[in-house]
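Heads up, the thing below is written out as structure tokens.
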Amino acid sequence: MIEKALKGNRAYWAWVALLLVFIGIGITGYSQQLNLGLGVTGMGRDISWGVYISQFTFLVGVAASAVMVVLPYYLHNQKAFGKMVIVGEFLAVSAALMCMLFILADMGKPQRVLNVLRYPSPHSMVFWDVMVLNGYLMLNIISGWAVLGAERKGVPAPSWTKALIYLSIPWAFSIHTVTAFLFAGLPSRHLWLTAVLAPRFLASAFAAGTAILILISFILKNVAGYDAGREAREKLVVLCAYAGLANFFLLGTEFFTAFYSNIPGHMHSFQYLYFGLEGHAPLVPFMWFSLILGLASVAVFLTPPLRRQNAWMIAAGIGLVLSIWIDKGVGLVIGGFIPTPLDAIVDYMPTLTELSVTLGIWSIGLLVLTVLLKVAISVKMQD
Amino acid sequence: MLELSSVAHGDAEMNQQRREFLKKAGLGALAGLGAAAGLFPALALEKTDLSIFPEKPMPGKTRWGMLIDTRKCSEGCTQCIAACHHTHNVPDFGNSKNQVKWIWKSPYEKAFPTASQQFQGDDVKSRKVLTLCNHCTEPPCTRACPTEATFKRWDGIVSMDYHRCIGCRFCMAACPYGSRSFNWQDPRPGIRELSDTYPTRERGVVEKCNFCSERLVDGQLPACVDTCPEKALTFGDLNDPKSEIRTMLHANETMQRKPELGTLPSVFYII
């Protein structure tokens with residue numbers, strides 16, 4: 001089936017070529033990092049995780065959101081999602097792959113990555129995260145590919161694919177719960193030390209990931225003539241809107257607990273992110289932009305006359321993704337390190353090398369997604 | 001006949017040698033395993049010589065600890081820091097982002113951010129206190145480590161295996177004391193005077209204070225304790241009620257850093 005990815009028009013190859021150039025830039029950046037060490041990034045002893053772990057956290061959510069089409073289609077027989085299921089599964093594959101690449105890029109000794117399997121440590125959340133992420137990637141690529149292959153031959157999908165698909169539903173929740181547990185169990189990092197982190201991760205994932213699915217459905221409609229259908233999109237918009245609401249509600253509860261209790265440790269990170277702390281306020285405009293943009297996007301999604309228009313739907317989709325990317329892919333990880341255990345406020349700025357590696361990994365993910373979707377659509381459209 | 005007996009004799013000799021070899025190899029392997037896993041304290045390769053301490057604690061029941069008398073610690077003196085960093089080949093890059101440190105001085109209110117800060121005398125407010133790894137009894141760092149590259153030894157020391165560390169820096173995010181450093185760059189060019197008492201590290205791994213476990217093996221006190229001109233640091237077994245450190249803990253009002261987190265630090269302070 002993969003040969004179907006080798007047939008495409010000029011625009012397809014131009015897009016692939018662009019991604020390959022970005023991947024090349026990423027590899028150049030990574031080779032510099034391999035040669036000189038992680039000191040070439042903006043990370044340091046105080047802010048010891050940066051863009052890489054932030055992107056990882058955001059993308060686990062994107063991966064998990066496949067469940068937003070898989071669950072209604074397989075458990076509630078929502079036929080409207082028929083054309084979106086494979087898109088969701090392949091988006092999950094590429095997102096899970098990017099997650100693993102970001103973890104690898106963040107490691108000081110990537111050549112020792114297999115130590116995680118050689119010395120399995122169930123007390124460490126990283127061990128569980130590696131297990132569930134790999135498992136989720138496998139579940140989605142195997143079941144997605146097999147169902148597609150059966151469709152190509154015009155035969156019913158083998159029955160074992162059902163088992164994998166059903167398993168992938170709770171598995172999707174597990175990947176983002178475990179990712180939240182990476183952060184939520186660390187003492188003295190008050191922004192993360194909260195029981196609502198896992199629920200909030202799931203809510204923001206289902207909002208941003210579903211919004212990405214809506215946007216992809218528009219792209220596929222325009223570039224490939226593959227239309228998932230108005231009904232599918234409108235149903236996704238509703239799911240997206242309520243997931244977004246849940247996310248902002250949970251953020252609100254965080255604010256209440258921190259500021260009403262008036263405990264300094266609980267307030268510091270929020271002060272740093274939203275108001276500035278001791279004169280340090282580099283993220284304040286971004287966090288407010290994220291909050292307002294996110295709420296506005298949810299409002300658009302909840303207003304029937306607006307969400308029925310494609311232009312508004314696209315604008316609100318982009319708005320929600322951007323909002324949650326800033327909140328989760330920038331604020332959450334960086335904000336958790338401030339103030340440092342020794343009560344210092346240190347600002348973090350990613351370097352060009354770091355950003356080029358990030359660009360490279362995103363491009364690898366997009367290339368994998370492009371190829372997978374090209375195959376899927378060729379099969380679906382009997383090309 | 002003669003030939004046969006010599007052959008038999010040779011066989012017996014070889015068997016004897018073989019048995020000896022197997023015995024030694026087996027013991028070696030066990031010791032190696034024990035040291036690596038910290039499972040068999042008696043077989044650990046880095047066995048601590050306890051002879052210089054007054055009461056010999058029971059292996060497996062020792063808990064090394066330190067008491068820092070901040071009143072005696074003189075302002076501007078950094079001899080313990082210099083001794084530690086030289087002994088352990090800790091690099092100095094003179095830049096705070098990539099800095100590696102095992103022991104350093106922090107302002108009182110930064111070391112104890114959750115302790116009472118109101119209406120104290122200028123003396124306490126301006127006091128600098130030594131900060132280092134607390135060798136917690138309930139270490140969050142070892143719990144977070146995905147490879148057991150950092151682990152708690154039988155004697156309470158939280159140790160590092162630099163050859164196993166994958167550089168994920170989870171231990172750094174988990175440590176509530178900022179006691180861990182990552183080698184953001186090759187540390188060797190940053191070492192001013194190379195010491196042969198402790199191996200250098202590579203870039204990409206985490207390191208921190210090891211309570212001088214390499215000196216304890218030789219029956220020496222930690223370098224910082226040994227160097228302090230004011231004798232402000234007391235080192236000993238916290239599980240031995242008759243040790244000097246326990247006597248001092250009994251006689252003085254002391255503090256631990258962030259005790260509310262339940263990490264049970266083994267480093268105590270007299271303010």
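Numerical summary
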item: Added length on full extension, which subtracts the Cα-Cα distance from 0.36 nm per residue, B:E109 to B:D161; result: 15.5 nm
item: Förster radius 22 Å - calculated FRET efficiency between A:F259 and A:A296 (Cβ-Cβ, nearest 0.05); result: 0.40
item: Average other protein chain Cβ within 10 Å of Cβ, residues A:331-339; result: 1
item: Tensor-based shape of the stretch B:113-257 (alpha-carbon gyration tensor, a/c under 1.5 rounded, otherwise prolate or oblate); result: prolate
item: 5 angstrom amide H check on B:V267, placed H, neighbours 5+ away; result: B:M66
item: Simple Cβ-charge dipole of the stretch A:2-380, Lys/Arg +1 and Asp/Glu -1, about Cα centre, in debye nearest 20; result: 1340 debye
item: Rounded FRET efficiency, nearest 0.05, which uses the C-beta distance separating A:A11 from A:W312 and R0 of 41 Å; result: 0.95
item: Kyte-Doolittle mean at least 0.5, axial Cα span of 15 Å or more - DSSP H helices of chain A; result: A:10-36, A:51-64, A:85-106, A:125-153, A:159-184, A:197-224, A:230-261, A:284-302, A:310-326, A:352-380
item: Mean Cβ count within 10 Å, highest first, over the residues of peptides A:153-162, B:257-266; result: B:257-266, A:153-162
item: All lysines inside 22 Å of A:K83 as judged from Cα atoms, apart from same-chain residues fewer than 8 positions distant; result: A:K4, A:K7, A:K153, A:K162, A:K221, A:K235, A:K374, A:K380
item: Set of lysines with alpha-carbon distance to B:K258 below 21 Å, sequence-local pairs under 8 removed; result: B:K101, B:K105, B:K110, B:K125, B:K128, B:K152, B:K208
item: 10 Å Cβ neighbours from other chains, averaged over peptide A:206-212; result: 0
item: FRET efficiency estimate (nearest 0.05) - Cβ-Cβ, A:F249 to B:E75, R0 45 angstrom; result: 0.30
item: Spin-label model distance (nm) - B:K61 vs B:T254, 7 Å beyond Cα toward Cβ; result: 1.9 nm
item: Per-residue average of Cβ from other chains inside 10 Å of A:163-174; result: 0
item: Sorted by Cβ density within 10 Å, fewest first, the residues A:M98, A:M287; result: A:M287, A:M98
item: Exposure proxy ranking, count of Cβ atoms within 10 Å, fewest first, for A:E151, A:E354, B:E253; result: B:E253, A:E151, A:E354
item: Burial ranking of peptide ranges B:70-77, A:202-209 (average Cβ count within 10 Å, highest at the top); result: A:202-209, B:70-77
item: Rg in Å to one decimal, and Dmax rounded to a whole Å, for the stretch B:200-250 via C-alpha atoms; result: 13.9, 43
item: The stretch A:311-383: C-alpha gyration tensor shape, a/c 1.5 cut-off, then a/b vs b/c; result: prolate
item: Dipole magnitude of the protein assembly as shown about its Cα centre (Cβ charges: Lys, Arg +1; Asp, Glu -1), debye to nearest 20; result: 1760 debye
item: Mean separation of Cα contacts under 8 Å, 6 or more apart, over the residue count of the stretch A:48-163: relative contact order %; result: 26 percent
item: Selected from A:L215, A:L342, A:L372 as most flexible by GNM, with chain A as the system and alpha-carbon contacts under 10 Å; result: A:L342
item: Exposure proxy order (Cβ contacts within 10 Å, fewest to most) of A:I103, A:I27, B:I166; result: A:I27, A:I103, B:I166
item: Positive-end extreme of charge dipole, chain A - chosen from A:S378, A:H268, A:G229 (charges on Cβ); result: A:S378
item: Shape call, the protein assembly as shown: gyration tensor on alpha carbons, a/c limit 1.5; result: oblate
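Bear in mind these aren't lab numbers, they're just calculated from the coordinates by the rules spelled out. Everything numeric here is computed off the predicted structure, so don't read it as measured data. Note that each Cβ is placed from the backbone with ideal geometry, even for glycine, and that neighbours are counted across all protein chains shown.
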